[in-house]
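J.: Okay, here's the structure, questions in a sec.
The values are calculated or read from the model by the stated rules, or taken from the named source; none is laboratory data. Remember, predicted model here, so these are calculated numbers, not experimental data. In this analysis, Cβ positions are derived from the backbone assuming ideal geometry, glycine residues included, and neighbour counts consider all displayed protein chains. Accessible surface areas use protein heavy atoms only, side chains included; no ligands, DNA or RNA. Shrake-Rupley method; radii C 1.70, N 1.55, O 1.52, S 1.80 Å.
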Amino acid sequence: MRIEIHLSQLRHTRWYEYALRFVLGGAVCALAGFLADRFGPGVGGLFLAFPAIFPASATLVEKHEAQKKHRAGIEHTVRGREAAGLDAAGATLGGLALCVFAALIYRFLPVYPAIATIGLAALAWLATATSLWWMRKKHFLGARSRRGRRA
């Protein structure tokens, strides 16, 4: 799978879909603030790290893929679910990489200058996210090709 950017797709998104993302993202952030106030910044920070836009994004990805299939005269919704699943997989990999970022910040910020610690943590996040994406790609493509040979 090649990662591509299609800016022309922005005009296919309706205003209410942006509103839904805004409301759900704000609700997740407000929940994180409430939890931080109630249980401390450690707990609130964990929830703030949750990709606030993901719930809306996953449902909208599935909806758009299903609509494209419907316009093409295909009544199956498998592609929409697969697209939403890929979105979820990407969010999970990014979240795991964010854990590496947070662990490095937690460990080294009290000892080293902030700019050096943040730079190191950002590079570690990038390396981790890229490595996880690469491993998932290799595993997924390898498993798919092995299934194809058995069929």
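J.: Please find, within segment 98-117, the residue that is least open to solvent (accessible area, probe 1.4 Å) out of those that are of a type in the set (S, T, Y) and closer than 21 Å to L46 by Cα. I'd like the intermediate steps shown before the answer.
T.: Just the residues of segment 98-117 that are of a type in the set (S, T, Y), to begin with: 106, 112, 117.
Next cut, closer than 21 Å to L46 by Cα only: 106, 117.
Values: Y106: 190, T117: 3 Å².
That would be T117.
J.: Turning to a different aspect of this structure: Return yes or no: is A36 modelled with pLDDT of 80 or more, within 26 Å of F22 (Cα to Cα) and in contact with a helix residue (DSSP H, G or I) (Cβ under 8 Å, 6 or more places away or on another chain)? Reasoning before the result, please.
T.: Values: modelled with pLDDT of 80 or more: yes; within 26 Å of F22 (Cα to Cα): yes; in contact with a helix residue (DSSP H, G or I) (Cβ under 8 Å, 6 or more places away or on another chain): yes.
It is true that A36 is modelled with pLDDT of 80 or more, within 26 Å of F22 (Cα to Cα) and in contact with a helix residue (DSSP H, G or I) (Cβ under 8 Å, 6 or more places away or on another chain).
J.: How many of the residues making up segment 4-24 are assigned to a helix (DSSP H, G or I) and among the β-branched types (V, I, T)? Show your work before the answer.
T.: Quick first cut of segment 4-24, residues assigned to a helix (DSSP H, G or I) only: 7-12, 15-24.
Imposing the further condition that a residue be among the β-branched types (V, I, T) reduces the set to 23.
Total meeting the criteria: 1.
J.: Would you mind telling me which numbered condition in (1) more than 21 Å from the chain's Cα centre (by Cα); (2) at pLDDT below 75; (3) small (G, A, S); (4) assigned to a helix (DSSP H, G or I) G73 fails?
T.: Going through (1) more than 21 Å from the chain's Cα centre (by Cα); (2) at pLDDT below 75; (3) small (G, A, S); (4) assigned to a helix (DSSP H, G or I) one by one, G73 breaks only (4).
J.: Mind counting the residues in segment 118-151 that are surrounded by 13 or more Cβ atoms within 10 Å (Cβ to Cβ), over 19 Å from the mean Cα position of the chain (by Cα) and at pLDDT below 75?
T.: The qualifying residues number 0.
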